[in-house]
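The values are calculated or read from the model by the stated rules, or taken from the named source; none is laboratory data. Computed from a predicted structure; not experimentally measured. Every residue, glycine as well, gets a Cβ built from its backbone with ideal geometry; the counts of neighbours run over all protein chains shown. Ligands, DNA and RNA are stripped out before the accessible areas are found, and what is left, the full protein with its side chains, is counted by its heavy atoms. Shrake-Rupley method; radii C 1.70, N 1.55, O 1.52, S 1.80 Å.
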Amino acid sequence: MGVREHKSQAPLSVNAAVITVSTSRSLEQDKSGHWIAKQLREQGHKVIEHFVTPDSAPEIRSAVERLTHSGEVSVVLINGGTGVTPSDVTVEAVRPLFDKELTAYGVLFAQLSFEEIGSAAMLSRAAAGIVGKTAVFCMPGSLGACKLACTSLIFPELGHLIKHIAKDS
């Protein structure tokens, strides 16, 4: 079965959660998270939760575990906390939870980011993986980075990815 046929059998709507990692932004100030949630809704997906959590590995990990074990969401989109400062711990908090890592996501994001911002792209990290039956994506928190990750990588393959994750062994 080819990619086109796989995609034609993918769900058109999935349940999603959006987490913004920040100690300086409130939910009201969360431009990136609101943009992601709005785009998901406009594409016919259902946003089950959208919230802000601080740059704290235990809190980030707890939020992801709660969402991925709930059975309510098929995808968790996390923005923020992916840089190189000591407080940027999103990737370190989430990566150990992955049953399978989508290694190409980070590489592709870096390539696309390099094309937009040049060598500064190496200062931000992106990671994605599967936790149980849930896809989890970590992306930088800037609005431009969220738009790049979502429109170029995540949204075009979201239904296709969820179809494969939901497949029984």
Legend entry - Meets criteria (modelled with pLDDT under 95 and either within 14 Å of the chain's Cα centre (by Cα) or not hydroxyl-bearing (Ser, Thr, Tyr) (or both)) for Leu123: yes
Inset, instruction - Starting from the stretch 41-53, keep only residues that are over 13 Å from Asn15 (Cα atoms), then list their pairs with residues that are of a type in the set (Gly, Ala, Ser) whose Cβ atoms are within a distance under 6 Å, requiring at least 6 positions of separation or different chains. - result: Val52/Ser22; Thr53/Ala63
Legend entry - Top-ranked residue of the stretch 121-169 - restricted to ones that are part of a loop (DSSP other than H, G, I, E, B), out of contact with any strand residue (DSSP E or B) (no Cβ under 9 Å at 6 or more places or on another chain) and touching a residue at least 24 places away in the same chain (Cβ under 8 Å), ranked as most open to solvent (accessible area, probe 1.4 Å): Lys133
Inset, instruction - Check whether at least one residue in the stretch 70-82 is within 21 Å of Asp30 (Cα to Cα) and acidic (Asp, Glu), and report yes or no. - result: no
Inset, instruction - Show the residue pairs that are 6+ apart or on different chains and have beta-carbon atoms under 6 Å apart, the first residue being within the stretch 91-103 and closer than 12 Å to Glu65 by Cβ and touching a residue at least 24 places away in the same chain (Cβ under 8 Å), the second being among the aliphatic types (A, V, I, L, M) and not in a helix (DSSP H, G or I). - result: Leu97/Val131
